[in-house]
Amino acid sequence: MIETIVKKIDKQCIDKNVIQQAGDILASGGIVAFPTETVYGLGANALDSKAIQKIFQAKGRPSDNPLIVHISKQEDLFPLVSEVPTVAIPLMKHFWPGPLTLIFPKSSLIPKEITGGLSTVGIRYPIHPIARAIIQAAKVPIAAPSANLSGKPSPTKAEHVIHDLDGRVNMIVDGGNSIVGLESTVLDITGKTPMILRPGGITKDMLESVIGPVLLDPTLDDGREIKKGTVPKAPGMKYKHYAPKAQIEIMVGEIETVVKNIQKRIQENKNHKKIGIMATDQTKNKYKDSDIVVISVGDRNKPETIASHLFDVLRQFDDMDMDIIYAEGIPEVQMGMAIMNRLVKASGYHVNHV
C-alpha cells in the first residue's frame, strides 16, 4: 500500500503549491491522478520506464495496451516524434489544446513500455488548466491513461479515482467533475488517410471539415475487438473496457420498440434479478415497476449530456449491486458514436437490435 495524498483544487483559482507538489512527485518517478477535460488521468513521467511500469501495476493494466503521452505546449511534441505528417498541422491548429489524440511515428525518446513495442505513439495536448499546470510543473511529458482500475468505468469525479486507486498512487488531485466525460478521440495520421481508432468528443464530421476524408477503424464498424495476439495502436481497442460489475444488455432500435422490449425483459427477470435501467430524460418515466432502479443518463437530443454522465451512472449501478442493466441505445451520429462505442465495450458486445 502507498500513502495517497489527496488535494482539492479549484481550476478557477489554482493553488500553485498543490501543482508544484504534484509536479515534483511526477518528476521524481511517482504517479499522480489529475483531472483533464475528458476523464481523470493517472500520470507518470513518459520518459521513465520504471515510472511507467507503476501505472500498469496500479491499474492492473495489460502491458500491450499503449499509453497516451500528454504535453503542456505544442512545441513539446517535436522531440517525441520522428515525423510530423503534413495533415497534423491543421489538426493541431483547430483542435489543440483539446480532446484529440494524434498517433505519430515515435522518436527514440519514447520507451517501449509506452507503446507496447509499436513504432508509433499517441500524443495529446489537453485544454484543462490543472492538467496543463501539472505537466508544466513536472517539466517532462506525462503518460496518462484513465485513473481507474483496468476494465472498470472511467473516472469523471475525484471520488471515482479515490474508490479505485487510494493506496495505489502517490497523489490524487481533485479538480471537480470532468466536462466531456469520455476519453479523447484517437486519430491515426501515420497512414495515407487518417483513421479514427477511438471515437470521442472530436467527431468524424468535425475532423473532415478540416482535413477531408477520415476513415473509421474496421473494428468500430463491425463492433468486434481486434484479434487476439494483435497489439492495439490505441487504448480501448482490444480489451473489455468501462464495465460495471453487472452485465449490461443494450437495446438498439426505434425508441418506442426499445422501451417495450426492456419492459418485457423486466417482467421476465424481475423475480430473480436485481435490475437497473439506463434510460434517458425522454423515457425515464416509462418504466413504472417499483422493484427496478431507473437512472436517466441524459437528454437524447443533447448527446453531450449523456457523454458527461455515462461513466458516473455505470458506477452508481455498481454501488447498488445490480445483477443486470438494460441500456437504451442512441443513434450513432456525432457524439453518439463515441457513447455507443463505450457502452458496447462495457457490455462485452451484448447488443440486441429490436
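The values are calculated or read from the model by the stated rules, or taken from the named source; none is laboratory data. Since the model is a prediction, treat every value here as computed from it, not as a measurement. Cβ atoms come from the backbone with ideal geometry, glycine included; neighbour counts cover every protein chain shown.
Could you tell me whether the range 80-92 includes any residue that is farther than 24 Å from residue 204 by Cα and either touching a residue at least 60 places away in the same chain (Cβ under 8 Å) or not β-branched (Val, Ile, Thr) (or both)?
Among the residues of the range 80-92, at least one is farther than 24 Å from residue 204 by Cα and either touching a residue at least 60 places away in the same chain (Cβ under 8 Å) or not β-branched (Val, Ile, Thr) (or both), which makes the answer yes.
Would you pick out the residues in the range 117-154 that are assigned to a loop (DSSP other than H, G, I, E, B) and either over 30 Å from residue 246 (Cβ atoms) or not assigned by TED's automatic domain parsing to the domain that holds residue 172 (or both)?
Correct list: 117, 118, 119, 125, 126, 127, 128, 139, 140, 141.
Which residues, counting only those in the range 309-350, are in contact (Cβ under 8 Å) with a residue 60 or more places away in the chain, part of a loop (DSSP other than H, G, I, E, B) and over 18 Å from the mean Cα position of the chain (by Cα)?
Residues satisfying the conditions are 321, 322, 323, 329, 350.
Only one residue in 140, 121, 161, 84 is surrounded by fewer than 17 Cβ atoms within 10 Å (Cβ to Cβ), hydrophobic (A, V, I, L, M, F, W, C) and either at pLDDT 95 or above or more than 26 Å from residue 27 (Cβ to Cβ) (or both), so which one is that?
On the way: 140 fails: surrounded by fewer than 17 Cβ atoms within 10 Å (Cβ to Cβ); 121 fails: surrounded by fewer than 17 Cβ atoms within 10 Å (Cβ to Cβ); 161 fails: surrounded by fewer than 17 Cβ atoms within 10 Å (Cβ to Cβ).
Result: 84 is the single residue among 140, 121, 161, 84 that is surrounded by fewer than 17 Cβ atoms within 10 Å (Cβ to Cβ), hydrophobic (A, V, I, L, M, F, W, C) and either at pLDDT 95 or above or more than 26 Å from residue 27 (Cβ to Cβ) (or both).
Which condition number does residue 332 fail, the rest of (1) in contact with a helix residue (DSSP H, G or I) (Cβ under 6 Å, 6 or more places away or on another chain); (2) modelled with pLDDT under 95; (3) surrounded by 20 or more Cβ atoms within 10 Å (Cβ to Cβ) being met?
With (1) in contact with a helix residue (DSSP H, G or I) (Cβ under 6 Å, 6 or more places away or on another chain); (2) modelled with pLDDT under 95; (3) surrounded by 20 or more Cβ atoms within 10 Å (Cβ to Cβ) applied to residue 332, the lone miss is (3).
Would you check which residues across the range 4-35 are modelled with pLDDT of 95 or more, under 24 Å from the mean Cα position of the chain (by Cα) and basic (Lys, Arg) and list them?
7, 8
What is the one condition in (1) without any contact (Cβ under 8 Å) to a residue 24 or more places away in the chain; (2) out of contact with any Phe, Trp or Tyr (no Cβ under 9 Å at 6 or more places or on another chain) that residue 52 does not satisfy?
With (1) without any contact (Cβ under 8 Å) to a residue 24 or more places away in the chain; (2) out of contact with any Phe, Trp or Tyr (no Cβ under 9 Å at 6 or more places or on another chain) applied to residue 52, the lone miss is (1).
Under 8 Å between Cβ atoms, which residue pairs at least 6 apart in sequence (or on different chains) link something in the range 253-264 that is farther than 11 Å from residue 327 by Cα with a partner that is charged (D, E, K, R)?
255/300; 255/328; 263/286
With the structure loaded, tell me whether residue 159 is in a helix (DSSP H, G or I), acidic (Asp, Glu) and touching a residue at least 40 places away in the same chain (Cβ under 8 Å) or whether it fails that test.
no
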